[in-house]
Each structure stands twice: as structure tokens, then as C-alpha cells.
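The values are calculated or read from the model by the stated rules, or taken from the named source; none is laboratory data. Small disclaimer: the values here were computed from a predicted structure and weren't measured. In this analysis, Cβ positions are derived from the backbone assuming ideal geometry, glycine residues included, and neighbour counts consider all displayed protein chains. Side chains are part of the model used for accessible areas, which takes the heavy atoms of the whole protein and leaves out ligands, DNA and RNA. Shrake-Rupley method; radii C 1.70, N 1.55, O 1.52, S 1.80 Å.
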Amino acid sequence: MAKVLMIDYEKCTGCRLCELVCPVKHEGVSNPARSRIKIVKWEMEGRFIPMSCQQCESAPCMAVCPVKAISRDGDLGRVMVDYDMCIGCRMCVAVCPFGGMSFDVLANKVIKCDLCDGDPQCVRFCETGAIQYVDASVVSTVKQRAAAEKFSGILQKVATAIASV
């Protein structure tokens, strides 16, 4: 079964350690600009959201690549870039709805999360557990449960409000 990164933004403290360890693994340098995961800051709300490639089932980056340099790895189910074929047109960067594709100006190539060959370093170093590497089927179950809990809380508030009238 394919595994994916499951991100719980409510647990993210914005420490950005994931942005530092990612390029160390891939490029040998600790440079957040070269990271495959980015922390989007919502400072007014005090919220930080880790964003990375979603390994889309019907990946727009694969569909738009004019030389078919982007494909799905059958073993891990991840979307991969074949750098021997890639011409650097950046169409994949433009079409990704999540900003999961980036362009590394120092290496002069597109970059995206490759799940660290099955051992994501962002997961390993995330002290709060905001980033987890789980079976793809687990993600929907966790999200359904969280939505049900929120909905249940709303229903309780409505019932309490009606009862007090």
C-alpha cells in the first residue's frame, strides 16, 4: 500500500526543522530555500502549515510534462522526476495546485518531495508529530474522525442553545 505524508497543521509550531533537514538529506546543505517542504505562515492567527507534494493520484505535474519526465514509482507510489529527461521548462511548477513543485536555482532543476526513498527526514525530526508517514488509507479515516468530532461539538452547542430558549 502507498504511504503519504499526513500533516496536522494544528500540531505544527513553526520551528521549521523540517525545512532544514530536507535539503541536508538531498543537497548536503541546510538551506530552507532548497527544501522540498515549506512552512506557510499565517502569523495573524499564529498558525503554521507544512506544505509538500501531495503525491496526487492524478498528478497535474505528470500530465503537463512535455517530455514525460515525471512518473509514478510503483514501489512507494510517489511521483518522481527523471532528471535525465527533464528539460527544466517548469511547467510542473506552474501547474501544481499545492506548490509542491519548486525550482532550485542553485542546482538549476525542479525539486519535489520524493519521500526520502521511504524514510522521510521531515517526519523523523518533527518533534510534535505534525508530520507523519502513513498508509494513504489512514489519512481519510483520520480526517473523517476529526470532522465528525468538530460536527459533534457544533451539534452539542446548538442543542444547548435550543434547550436554553
* **the chain: angle of helix 17-27 to the longest principal axis, Cα-based, in degrees nearest 10** => 20
* To do: Could you do me a favour and compute the accessible area per residue for the chain, 1.4 Å probe, result in Å²?
  => 60
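For segment 60-99, how big is the tail of P(r) above 17 Å, as a whole percent of Cα pairs? Don't jump to the answer; show the numbers that get you there.
Details: 195 of 780 pairs.
Percentage above 17 Å: 25.
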* Relative contact order [Cα under 8 Å, 6+ residues apart], the chain, whole percent -> 28
* To do: Mind putting a number on the dipole of segment 24-165 about its Cα centre? Charges go on the C-beta only, +1 for Lys and Arg and -1 for Asp and Glu, and I need it in Debye to the nearest 20.
  => 440
* Which angle from 0 to 90°, rounded to the nearest 10, does the C-alpha axis of helix 136-163 make with the longest principal axis of the chain? -> 30
* Taking all protein chains as present, what is the carbon and sulfur share of the accessible area of the chain, in % to the nearest whole number, probe 1.4 Å? -> 57
* Starting from 0 in steps of 10 Å, tell me what percent of the Cα-Cα pairs of segment 85-140 lands in each bin. => 19, 38, 33, 9
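Just to be sure I understand: if I project the alpha-carbon convex hull of the chain onto a plane and average over all orientations, what area do I get in nm²?
12.0
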* To do: Would you mind checking the pairs LYS11/LYS41; LYS11/LYS38; LYS112/LYS150; LYS25/LYS68; LYS3/LYS25 and listing those with alpha carbons more than 24 angstrom apart?
  => LYS112/LYS150; LYS25/LYS68
* Do any cysteines of the chain lack a neighbour Cys whose Cβ is under 4.7 Å away, and which are they? -> CYS12, CYS15, CYS22, CYS56, CYS65, CYS86, CYS89, CYS96, CYS116, CYS126
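Viscosity 1.306 mPa s, temperature 10 °C: Stokes-Einstein D of segment 1-92 from its Kirkwood Cα radius, in µm² per second? Walk me through the numbers on the way to the answer.
On the way: Rh = 15.0 Å.
After rounding, the answer is 106 µm²/s.
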* Structure fact -> Sorted by chain and then number, the residues having a modelled amide H within less than 5 Å of the amide H of ARG78, at least 5 places away or on another chain, are ASP73
